[in-house]
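Accompanying notes for the structure given below.
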Amino acid sequence: MAGQIKRMINSIIQKRAKGNPVILETTTCKLILKGLDPALFNERSPDDPTIIVKVLAIAAELGVSV
């Protein structure tokens, strides 16, 4: 199912931000600093298992479940 990574990233950002635009931006920056640029993924991006594992690890570090 293409786009799973994008949905996971969006879920992390939304759960951390809870509507706060400042936290949304800082979470996005944290993802980029950890090597995961949300802008590089879209709904048609292939689901690479390696990246999915990386997203899950980052979510765990940030205290969010996806």
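Working only within the stretch 9-38, note down all residues that are surrounded by 16 or more Cβ atoms within 10 Å (Cβ to Cβ), part of a helix (DSSP H, G or I) and in contact (Cβ under 8 Å) with a residue 12 or more places away in the chain. Reasoning before the result, please.
Looking only at the stretch 9-38, we keep the residues that are surrounded by 16 or more Cβ atoms within 10 Å (Cβ to Cβ), and these are 9, 12-13, 16-17, 27-28, 30-31, 36, 38.
From the residues that got through so far, the ones that are part of a helix (DSSP H, G or I) too are 9, 12-13, 16-17, 27-28, 30-31, 38.
Across the stretch 9-38, the qualifying residues are Ile9, Ile12, Ile13, Arg16, Thr27, Thr28, Lys30, Leu31, Pro38.
Kindly provide the set of residues from the stretch 40-55 that are hydrophobic (A, V, I, L, M, F, W, C) and either at pLDDT below 95 or under 15 Å from Arg7 (Cβ atoms) (or both), ordered by number. Before you say what the answer is, go through the steps one by one.
First, pick out the residues of the stretch 40-55 that are hydrophobic (A, V, I, L, M, F, W, C): 40-41, 51-53, 55.
Of everything in the stretch 40-55, those that are hydrophobic (A, V, I, L, M, F, W, C) and either at pLDDT below 95 or under 15 Å from Arg7 (Cβ atoms) (or both) turn out to be Leu40, Phe41, Ile51, Ile52, Val55.
Looking for something in contact with a Lys or Arg (Cβ under 7 Å, 6 or more places away or on another chain) and surrounded by fewer than 13 Cβ atoms within 10 Å (Cβ to Cβ) - is there at least one such residue anywhere in the stretch 39-46? Even if it seems obvious, please write down each step before you answer.
Residues of the stretch 39-46 that are in contact with a Lys or Arg (Cβ under 7 Å, 6 or more places away or on another chain), as a first pass: 41-43, 45.
Among the residues that remain, those that are also surrounded by fewer than 13 Cβ atoms within 10 Å (Cβ to Cβ) are: 42-43.
There is at least one residue in the stretch 39-46 that is in contact with a Lys or Arg (Cβ under 7 Å, 6 or more places away or on another chain) and surrounded by fewer than 13 Cβ atoms within 10 Å (Cβ to Cβ).
The values are calculated or read from the model by the stated rules, or taken from the named source; none is laboratory data. This is a predicted model, so every value here is computed, not measured. For neighbour counting, all protein chains shown are included, and Cβ atoms are generated from backbone atoms with ideal geometry for every residue, glycine included.
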